[in-house]
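The values are calculated or read from the model by the stated rules, or taken from the named source; none is laboratory data. A quick note: this is a predicted structure, and the numbers were derived from the prediction, not measured. For neighbour counting, all protein chains shown are included, and Cβ atoms are generated from backbone atoms with ideal geometry for every residue, glycine included. To get the accessible areas, we keep the full protein, side chains included, count just its heavy atoms, and leave off ligands, DNA and RNA. Shrake-Rupley method; radii C 1.70, N 1.55, O 1.52, S 1.80 Å.
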Amino acid sequence: MEVIRTVKVKLDIPDERCDDLHQTKDQFLHCANTTAEWAWRHPNDYCVTSKQKAEKALY
């Protein structure tokens, strides 16, 4: 049995706001990738799993 715990919401974006949505997505992906690269530095270093340590270092 498969359980989906995510609510899927379809966005209805006006054409004139599509660029805003894409810019937001691009910024989010940049921040997520930067965080991942920082947190998972192995094999050279250990993996940081503390949200508090990550926030302190990245902000």
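Lys pairs in the chain, Cα-Cα under 24 Å, at least 8 apart or on separate chains: how many? Can you show the working numbers first?
On the way: Lys8/Lys25; Lys10/Lys25; Lys25/Lys51; Lys25/Lys56.
Total qualifying Lys-Lys pairs in the chain comes to 4.
Keeping all protein chains in the complex and leaving out DNA, RNA and ligands, what accessible area do you get for Tyr46 with a 1.4 Å probe, in Å² to the nearest 10?
Here the residue's solvent-accessible area equals roughly 130 Å².
Looking at the chain, which trypsin sites (Lys or Arg not before Pro) are in a loop (DSSP not H, G, I, E or B) and have at most 15 other Cβ atoms within 10 Å?
Values: sites: Arg5, Lys8, Lys10, Arg17, Lys25, Arg41, Lys51, Lys53, Lys56; in loops: Arg5, Lys8, Lys10, Arg41.
Of the trypsin sites (Lys or Arg not before Pro), the ones in loops of the chain whose Cβ has at most 15 other Cβ atoms within 10 Å are Arg5, Lys8, Lys10, Arg41.
Report the label-to-label distance for Asp26 and Asp12 in nanometres (one decimal), using points 7 Å from each Cα along the Cα→Cβ vector.
Modelled inter-label distance: 2.8 nm.
Please work out how much accessible surface Val9 shows to a 1.4 Å probe, ignoring ligands, DNA and RNA, in Å² rounded to 10.
Roughly 110 Å² of Val9 is accessible to a 1.4 Å probe.
Considering the dipole of the chain built from charges on the beta carbon (Lys and Arg +1, Asp and Glu -1) around the Cα centre, which of Ile4, Thr34, His22 is farthest to its positive end?
Working it through, the farthest residue towards the positive pole turns out to be Ile4.
Using +1 on the beta carbon of Lys and Arg, -1 on that of Asp and Glu, and nothing else charged, what's the dipole of the chain about the Cα centre, debye to 20? The partial results should precede the final answer.
Values: 9 positive and 10 negative charges, 91 e Å.
With only Lys, Arg, Asp and Glu charged at Cβ, the dipole is about 440 debye.
Please give the helix 18-39 orientation as an angle from the longest Cα principal axis of the chain, in degrees from 0 to 90, rounded to the nearest 10.
Helix 18-39 sits at roughly 10 degrees to that axis.
At 1.4 Å probe size, with every protein chain present, just tell me what the per residue accessible area of the chain comes to in Å².
On the way: 6060 Å² over 59 residues.
Result: 103 Å² of accessible area for each residue.
Could you please put Glu55, Glu37 in sequence from largest to smallest accessible area, using a 1.4 Å probe? Could the numbers behind the result be given before it?
Numbers: Glu55 80, Glu37 135 Å².
Per-residue accessible area, sorted high to low, gives Glu37, Glu55.
For the chain, what ratio Rg/Rh do Cα atoms give with a Kirkwood hydrodynamic radius?
Values: Rg = 16.7 Å, Rh = 14.6 Å.
So for the chain, dividing Rg by the Kirkwood Rh gives 1.14.
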